[in-house]
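The values are calculated or read from the model by the stated rules, or taken from the named source; none is laboratory data. Being a predicted model, the structure only gives us computed values, none of them experimental. Heads up, the Cβs are rebuilt from the backbone with ideal geometry, glycines too, and the neighbour counts pull from every protein chain shown. Each accessible area value is taken on the protein alone, full model and side chains, heavy atoms only, with ligands, DNA and RNA left out. Shrake-Rupley method; radii C 1.70, N 1.55, O 1.52, S 1.80 Å.
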Amino acid sequence: MKESHETRIIDSWRKNATPWARAVQAQTIASRRLVTNDAVISAVLDCKPTSVLDTGCGEGWLTRQLSPLVGSVTGIDAIPELIAEARRHSAHRFEVMTYDELASGALELTVDLMVCNFSLLGKESGSAVVTAAQTLLRPGRHLVIQTLHPLMACGDAAYQDGWREGSWLGFDKTFTDPAPWYFRTLESWVALVNTGGLRLVSVREPLNPETGLPASLILTSQRTG
């Protein structure tokens, strides 16, 4: 039986957990170093949270950065190898958990803010996180998503929702089997985070200072009830 795209995402990140952690810790990813790391931290701090759930935390860099600034931060990720690396560097709470498990109520926690930093790669799993936010967030609090900017990420393909094959272009040869990812147009991203008990309150397009082009898209939604 052919693996689903969602399963391939998990398989790829398990294979690439070690080189990914090494790249993040060595700050070899230029866009993160120049723009997107500071951009997501600024978006989170503007919401003035005292508790944060780092959703898809990877090796835990954002959890570690936010902790002295906001107080309580918890990180979750579906990849055991990345959670092990996160725990190796910090005593913060890190849990191995899929997005489906999160949406089903496996995490007994409510927070002021959920942040997803380039961690919504799938179609169904991305929707599961947005569903989970409507119960994990306290009323009036926020979901912050940083993702690839659709206009920059679309490439030569048609500008429409759909699965795309991944690439490790720009990374070293230790990375293998790139994960597929689900492309959403700007309209689709807005619709995703502006449904149910969430209301979109902010859209940001951080610019790469070297190119003058958008380095990412940051969407902030608020739980309305």
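Figures for the structure shown
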item: Dipole magnitude (debye, nearest 20) for segment 127-225, charges at Cβ of Lys, Arg, Asp, Glu; result: 620
item: Space enclosed by the convex hull of the alpha-carbon atoms of segment 90-176, per residue, Å³; result: 153
item: Cα-based shape type of the chain, given that a ≥ b ≥ c are square roots of the gyration tensor eigenvalues and the cut on a/c is 1.5; result: rounded
item: Cut-off 12 Å, label 7 Å out along Cα→Cβ of Arg14, residues of segment 69-109 by amide N; result: 78-82
item: Dimensions in Å of segment 126-221 - Rg and Dmax from alpha carbons; result: 15.2, 45
item: Contour excess over end-to-end distance, with Cα ends at Glu165 and Thr135 and 0.36 nm allotted per residue; result: 7.6 nm
item: Cα pair count fraction exceeding 14 Å, expressed as % - segment 102-141; result: 45
item: Dipole magnitude of segment 1-98 about its Cα centre (Cβ charges: Lys, Arg +1; Asp, Glu -1), debye to nearest 20; result: 200
item: Karplus-derived HN-Hα couplings along segment 96-111 (A = 6.51, B = -1.76, C = 1.60, θ = phi - 60°), whole Hz, x at Gly and Pro; result: 7, 7, 7, 5, 5, 5, 4, 5, 8, x, 5, 9, 8, 7, 10, 9
item: Fraction of beta bridges assigned by DSSP in the chain that are antiparallel (%, nearest 5); result: 45
item: By accessible area with a 1.4 Å probe, ligands and nucleic acids excluded, highest first: order of Lys15, Lys173; result: Lys173, Lys15
item: Exposure ranking of Leu136, Leu148 by accessible area [1.4 Å probe, largest first]; result: Leu148, Leu136
item: Residue of Arg138, Arg32, Arg88 that the Gaussian network model of the chain assigns the largest fluctuation, springs spanning Cα pairs under 10 Å; result: Arg88
item: Residue of Ala158, Ala30, Ala132 that the Gaussian network model of the chain assigns the largest fluctuation, springs spanning Cα pairs under 10 Å; result: Ala158
item: Alpha-carbon centroids, segment 26-97 and segment 161-176: separation in whole Å; result: 22
item: Residues of the chain: accessible area per residue with a 1.4 Å probe, Å²; result: 48
item: Percent of Cα-Cα distances greater than 19 Å, calculated over segment 1-83; result: 46
item: Selected from Tyr159, Tyr99, Tyr182 as most flexible by GNM, with the chain as the system and alpha-carbon contacts under 10 Å; result: Tyr159
item: Exposed GluC sites (Glu not before Pro) absent - longest run of the chain, DSSP non-H/G/I/E/B, at most 14 other C-beta within 10 Å; result: 4-107
